[in-house]
Amino acid sequence: MSELIQAILDSEEKNDLRAFMSELRQQDKNYLLRNDILNVYSEYCAKSQKPETFYHSSTLGKLIYYTQEIIQEDSNFCFIIRPKIASQEVYRITSELAAESMTVQELLDLRDRLVNKYHPHEGDLLELDFGPFYDYTPTIRDPKNIGKGVQYLNRYLSSKLFQDAKQWLEGLFNFLRLHNYNGIQLLINYQIQSQQQLSQQVKKAINFVSDRPDDEPYDQFRVQLQTMGFEPGWGNTAARVRDTLSILDELIDSPDPQTLEAFISRIPMIFRIVLVSAHGWFGQEGVLGRPDTGGQVVYVLDQAKTLEKQLQEDTELAGLSELNVKPKVIILTRLIPNSDGTLCNQRLEKVYGTENAWILRVPLREFNPNMTQNWISRFEFWPYLETFAIDSERELLAEFHGKPDLIVGNYTDGNLVAFLLARRMKVTQCNIAHALEKSKYLFSNLYWQDLEEKYHFSLQFTADLIAMNAANFIVSSTYQEIVGTPDSVGQYESYKCFTMPELYHVVNGIELFSPKFNVVPPGVNENSYFPYTRTQDRVESDRARLEEMLFTLEDPSQIFGKLDDPNKRPLFSMARLDRIKNLTGLAECFGQSKDLQEHCNLILVAGKLRVEESGDNEERDEIVKLYHIIEEYNLYGKIRWLGVRLSKNDSGEIYRVIADHQGIFVQPALFEAFGLTILESMISGLPTFATQFGGPLEIIQDKVNGFYINPTHLEETAAKIVDFVTKCDQDPNYWHSISQRAIDRVYSTYTWKIHTTKLLSLARIYGFWNFNSKENREDLLRYLESLFYLIYKPRAQQLLEQHKSR
Ligand code: UDP
Ligand code: LCN
């Protein structure tokens, strides 16, 4: 990249750079983000009447394309350049056009100076650097393979391990001896005493089972196998046992990574899983649509159901049913005594439609009843996590009658609890972010002190750093969640280097090329959400009731607005009323476009109708704003706003009713980490227009099975929708073709079956490698513990004191 700058300085474009920098000086901001930079650049090109080609093809144009941020300091500029995904270079360009590269430390100091928080005379600030801990672990080289960690790890470690045949076979043998369920030995028993014996006995057992009918149940030849040294776990029929043993035989004789993966995926080693979703209202009814309660609850519940099912299938296939093996999944959350009519005050609740999946609610210790007895925002939750983890460990051990095999954390708080639990119980830890707040709130780290009272980001970002580094593996819903796109920074990537002025500097917060990252997108509950055309599975009375609720019912307690013409095509959206979801932006876009109003009604399912009913700051602001927009654009008769909390079934049927009316779903978020509503609308058969900022960019293929919108460009968004609607009016098949392709997209790529199969395979493979490579993570974990005790905990204690005085 320095070459790009050098090339500009060595050419006539030098004058353009000088003039562009002079434009920058005219700006009233001295910290410009990508959007601002592009605006200044395009203004510069227009003003200086540059030809069209200059904008993109000039060397300056290329430099600008890669520039994420520009900071002005005195007469110099600091260019923060991202020449490719997951990499960063920083240059200072002086007014004399001299360019020199800057270190990360210099950049962080500069940022501190910008906000007047640079105090070199007081000594250096704590510098966090996780880089050295990753020096001795394998790292992916090509950014396009980021997120395919397990494949890479398997290949890399296999090739290392297979080099030393003796050590490899010994490792395998020891691994096979490990497994048991409630004290019952699985796989091999004491009769096999060495790896040589294992190899001989495997061949013998293969011969033995090969002579039996394929479908002969395992139980009928269990005793003979036991005398050869083999315990349950190889399969439920003669054919399955033969196949599993043959894979092992091949692995012993001629190991390769694929065979290893195939073999490990069959090993019964996971029976008990904890999914930690600590904050908020976690329940099965009456919780969605509240602040803090959205996709994460839906995700974790669906995941629990399908994990249990998959574990049952795997157990059955492994031939363990006779042993009374009952896989168990526990969702761990907080108990909320004042539960506002929900079951969030109930200690244990069975997950519907499962045999052994439960919601276990553990109360917060009563430090301050005002807080701990009630729902509290995820931003205030930090002081209660450590004791919550301690109390939860006891409850989990009791519920499982032992330790879990896998702990999955969700969101910052759940991930921190997962870290504490995994550390105490020595269990594999998986991290799922859902949304990392750092990139959601602009300048959240630079101005953390100003935001602290409301958001407490110092605690949240410290917890994020601890949990993401501690995790054995991280599951992300998209590639861009990790490292963004060619022109935008990923959510995890934003933790790579940042300053928390006067608290610490992070010079290397996470290794993005680590094979711990794996993209495993979620699915959608196919019992509740399915294509509108499947009329045989729909309940007519529900359809009629929801149709009335959507279009005509007059019930001011929960519905605002009466449509002048309920037959217009519905433009539908459903989301929590927080700022980032930007339903108010959609209302504004609708308000500004007479064309759109001509063709469509706007129908919103959004939280609450009244400010007094909300305890959440952002929600209250959004309610006020929405009324204001309706008033400003006189949207009466054109909009309906449903402040309802829907049951799972109703929320599925509502999309289908909109599809019956050949409507459209719009997801206008300013940023959406993934966006489950997009899967829900697409599988229902609704043409979907979704934000181009975040996960939807990977879910939808633009103009193929849905459309991207830039929610900050209201006019352009309205024009896109009007264009679609006009085309549909002219050719009704157009709506149907997009609708069908949306359905196909979800079924082919976003199912829970795909998700859980992959997740379990990851858990087994990371478990195997942790055992085999004896990766020593103790130093990293000790470093993380220090952060927890020295930074996180005292700050959490301070917050607790504040809570007590409220
Ligand atoms: N949802 C709902 N009622 C509402 C708002 C949302 O049932 O009033 C559900 C919606 O169907 C989806 C989830 O909440 O299943 C929202 O998930 P998404 O990933 O789209 O966004 P999040 O709220 O997690 O940011
Ligand atoms: C949180 C979000 O903000 C959404 O984008 C995701 O879809 C949801 O969690 C589930 O992961």
Report task. Sum up the charges of everything whose Cβ sits under 11 Å from the Cβ of S158, counting Lys and Arg as +1 and Asp and Glu as -1, but leave S158 out. Result -> 0
**Report entry** Selection from L161, V611, F79, by position along the positive dipole direction of the chain (Cβ)
**Finding:** L161
Query raised in the report: In whole Å, what is the distance between the alpha-carbon centres of the stretch 301-341 and the stretch 424-494?
Result: 27 Å
**Report entry** Residue-wise HN-Hα coupling along the stretch 467-476, computed from phi with Karplus coefficients 6.51, -1.76, 1.60 (Hz; x: Gly, Pro)
**Finding:** 5, 5, 7, 6, 4, 5, 8, 10, 9, 10
Query raised in the report: What ranking do L157, L186 get, fewest neighbouring Cβ atoms within 10 angstrom at the top?
Result: L157, L186
**Report entry** Coil-residue trypsin sites (Lys or Arg not before Pro) of the stretch 1-62, DSSP, other Cβ within 10 Å capped at 14
**Finding:** K29
Report summary line: the chain: longest segment with zero exposed GluC sites (Glu not before Pro), where exposed means DSSP loop plus at most 13 other C-beta atoms within 10 Å, is residues 555-806
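In what sequence do M371, M574 fall when counting other Cβ within 10 Å, fewest first?
On the way: M371 19, M574 25.
Placing the least packed residue first, the sequence is M371, M574.
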Query raised in the report: Pairs K144/K438; K309/K438; K166/K516; K14/K84; K720/K758: which are spaced more than 29 Å apart, C-alpha to C-alpha?
Result: K309/K438; K720/K758
Requested in this report: Please determine, in degrees from 0 to 90 and to the nearest 10, the orientation of helix 583-592 with respect to the longest principal axis defined by the Cα atoms of the chain, where the helix direction is its Cα long axis.
Outcome: 40 degrees
Requested in this report: For the stretch 378-487, run through the trypsin sites (Lys or Arg not before Pro) and keep only the ones in DSSP coil with at most 11 other Cβ atoms within 10 Å of their Cβ.
Outcome: K426
Query raised in the report: Cα convex hull of the chain: mean projected area in nm², to one decimal?
Result: 37.7 nm²
Report summary line: The ³J(HN,Hα) series, computed from each phi in the stretch 238-253 with the Karplus coefficients 6.51, -1.76 and 1.60 at θ = phi - 60°, rounded to the nearest Hz and given as x for glycine or proline, is 4, 5, 5, 4, 4, 5, 5, 5, 5, 5, 5, 4, 5, 5, 6, 7
Query raised in the report: Which FRET efficiency, nearest 0.05, do S42 and A98 yield, Cβ-Cβ r, R0 30 Å?
Result: 0.70
Requested in this report: As a check on your grasp of the helix formula, calculate [θ] at 222 nm for the chain: sum -39500 (n - 2.57) over DSSP H runs of n ≥ 4, divide by the residue count, round to the nearest 500.
Outcome: -14500 deg cm²/dmol
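For a quick check of your reading of the filter: which trypsin sites (Lys or Arg not before Pro) in the stretch 269-356 sit in a DSSP loop and have no more than 14 other Cβ atoms within 10 Å? Kindly include the intermediate steps, with their values, before the conclusion.
On the way: sites: R272, K305, K309, K328, R334, R347, K350; in loops: R347.
Here the sparse-neighbourhood loop sites are R347.
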Query raised in the report: What ranking of T354, T717, T552 emerges when the number of other C-beta atoms within 10 Å of each C-beta is taken as an exposure proxy, fewest first?
Result: T552, T354, T717
Query raised in the report: What angle, in degrees between 0 and 90 and rounded to the nearest 10, separates the Cα long axis of helix 104-114 from the longest principal axis of the Cα atoms of the chain?
Result: 40 degrees
Query raised in the report: Once phi is turned into θ = phi - 60°, what whole-Hz ³J(HN,Hα) does the Karplus curve with 6.51, -1.76 and 1.60 give for every residue of the stretch 175-189, x standing for Gly and Pro?
Result: 5, 5, 6, 5, 7, 8, 10, 6, x, 7, 5, 10, 6, 10, 10
Report summary line: Counting sequence-distant residues (5 or more places) and residues on other chains, those with an amide H built under 5 Å from that of V276 are L332, V408, G409, N410
Report summary line: Tilt, helix 714-730 to longest principal axis of the chain (alpha-carbon atoms), in degrees rounded to tens, equals 70 degrees
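Throughout, read-outs are computed from the coordinates displayed, never taken from laboratory work. What you see is a predicted model, and the numbers here were worked out from it, not measured in a lab. Here the Cβ is made from the backbone with ideal geometry for all residues, glycine too, and neighbour counts use every protein chain on show.
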